[in-house]
1. What does the charge add up to near Thr71, with Lys and Arg as +1, Asp and Glu as -1, over the other residues with Cβ less than 14 Å from its Cβ?
2. Would you kindly give the portion of the calculated P(r) for the chain that falls above 19 Å, as a percent of all Cα pairs?
3. What percentage of the solvent-accessible surface of the chain, computed with a 1.4 Å probe over protein heavy atoms, is contributed by carbon and sulfur atoms?
4. Calculate, in whole percent, how much of the Cα-Cα pair population of the range 6-63 lies beyond 19 Å.
5. In the range 31-97, what GluC sites (Glu not before Pro) fall in a loop by DSSP, with at most 13 other Cβ atoms inside 10 Å?
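The values are calculated or read from the model by the stated rules, or taken from the named source; none is laboratory data. Since this is a predicted model, take the numbers as computed values, not measurements. For neighbour counting, all protein chains shown are included, and Cβ atoms are generated from backbone atoms with ideal geometry for every residue, glycine included. When the accessible area is computed, the model is the full protein with side chains, heavy atoms only, and any ligands, DNA or RNA have been set aside. Shrake-Rupley method; radii C 1.70, N 1.55, O 1.52, S 1.80 Å.
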Amino acid sequence: MAGVPELLILRLLQDREMYGYEIVTAIAAATGQVVVLKEGVVYPLLHALEKEGALRAQPRPANGRTRIYYTLTSKGVRRLFERTDAWTRLQGAVGRALRA
């Protein structure tokens with residue numbers, strides 16, 4: 001599972017900005033509940049990606065509280081493409097090994 005949460009987060013944010021819990025539920029929905037990440041995994045990763053410049057965080061008021069919405073930066077888009085390429089290579093290698 002190493003790298004999968006990051007890849008999924010970057011991919012979801014490619015389409016639109018989202019807040020943390022929305023990302024958690026979107027990952028579960030997009031994977032048919034196969035990948036269900038806890039907030040304790042997603043939030044630290046969001047903060048790390050923001051610190052590295054791959055995401056931009058923007059606080060906004062929502063229902064009497066503040067939500068932090070995340071968007072991809074150009075660095076985040078590049079990172080998504082790199083991670084997607086790596087995942088494709090890994091998937092192919094595992095597929096070959098399983099057929100052997």
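1. In short, +3.
2. Here the tail beyond 19 Å accounts for 45 percent of pairs.
3. 56 percent
4. 25 percent
5. Hits after loop and neighbour filter: Glu52.
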